């Protein structure tokens, strides 16, 4: 039985330990056929206004820490996750990701990652104001050291898997998140008041950099590409680009609409829809997020084992019903926890992806069957 509260002793509460598998030992054909067998139902789910799907996410802790620097080790860990995932009953397949930390966009401003032993890459904001950042001569991300490494990682993954395995772009941050990587926190929030026009100009630059680098990645990935990407249940039949917008928890709804929403909209327009994520509890921000034009999917945590400040279910169920917007609901916990949250989230007019982290394939099978049975019963009772 899983604990009821967030476990601070874990390096990754959403992680799954797996044995690495080398590309030579990985059965490419088996995984390709497995993923292909799910694409028709993925496509059907994506096209309907409401529905329910189950996704068991396999997130490998080493890939999201110091191990991401070694592309060979990263691929072996991720292939180990894909191999293990096939025994867990779900509707959407897992995918590979050339992950390299959240500060990719900062590299265009000359900020390099710091690699401390045993830790994920980090960086230090180098500017004290928006104007100082705007004076910096920019490089296209693909010409920076981390941009080049990310593209080399994609090349390596594609070569080793013969382009048969689903692959997403690297982690994508919302433009306002990215500003917080550039400007020291002591000064960052002052710029909303002191230099709003300069802040908007900087956000435009960051948005354009994000779009350009993502297009470069997707062009390289080709037919293997899955969307919305990092952190979201993703498929070759889905669309949109997922962005992490955690800064929303620290600013007012009006500031979010003025400074960030237009940029998520622009990113969404470039990739078939806006897709939103924030950690923590952001139920009070639902109306502002829903107002983003072309929003097609959101992500949130709904159990204390997932996030120390999880979201209440009812505001999301009621806020997104009859919109067709997908709720990507992350729920770490045992079968009782998952089903309790699904009962609170699911409505015949909602579109829900239940993201589980069940420890065993047997528990996953029970949860999968129970979730779909629950949905069928609720649908029948409403007729």
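What follows is calculated from the coordinates using simple rules that are stated; it is not laboratory data. Just so it is clear, the model here is predicted, and its values are computed rather than measured. A quick note on method: Cβ atoms are made from the backbone with ideal geometry, for glycine too, and the neighbour counts reach across all protein chains shown.
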13 Å cut-off, amide nitrogen to a point 7 angstrom out along residue 145 Cα→Cβ, residues in region 108-138: 108, 110-116, 122-124
Residue-averaged [θ]222 nm for the chain, counting only DSSP H segments that reach four residues, each worth -39500 (n - 2.57): -13000 deg cm²/dmol
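Based on the mean of other beta carbon atoms within 10 Å per residue, what is the order of 331-338, 362-369, most packed first? Numbers along the way, then the final one.
Numbers: 331-338: 21.4, 362-369: 17.8.
In decreasing order of mean packing, 331-338, 362-369 become 331-338, 362-369.
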Region 219-264: projected area of the alpha-carbon convex hull, averaged over directions, in nm²: 4.2 nm²
Percent of beta bridges antiparallel (DSSP, the chain, rounded to nearest 5): 5 percent
Principal axes of region 288-383: Cα extent on each, largest first, Å: 41, 38, 19
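Per 0.36 nm of contour for each residue apart, how much would the distance between residue 134 and residue 44 grow if the chain were fully extended, relative to their Cα-Cα spacing?
Working: separation 90, 0.36 × 90 = 32.40 nm, distance 4.50 nm.
Full extension of this stretch gives 27.9 nm more.
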Compactness of region 54-112 as Cα Rg over 2.2 N^0.38 Å, two decimals: 1.34
Calculated P(r) tail over 15 Å for region 58-156, as whole % of Cα pairs: 66 percent
Label zone at residue 187 (point 7 Å along Cα-to-Cβ), backbone N below 20 Å, region 125-144: 125-139
Distance from region 71-98 to region 30-60 (C-alpha centre basis), Å: 14 Å
Region 161-253: radius of gyration and largest Cα-Cα distance (Dmax), Å: 15.9, 52
Pairwise centroid distance, computed over Cα atoms, of region 306-340 with region 251-276, Å: 22 Å
For region 228-353, Kirkwood radius (reciprocal of mean inverse C-alpha pair distance, Å): 14.6 Å
Relative contact order of region 28-381, pairs being alpha-carbon contacts under 8 Å that are 6 or more residues apart, as %: 18 percent
Extended-chain gain in nm, criterion 0.36 nm per residue less alpha-carbon gap, residue 370 and residue 37: 117.7 nm
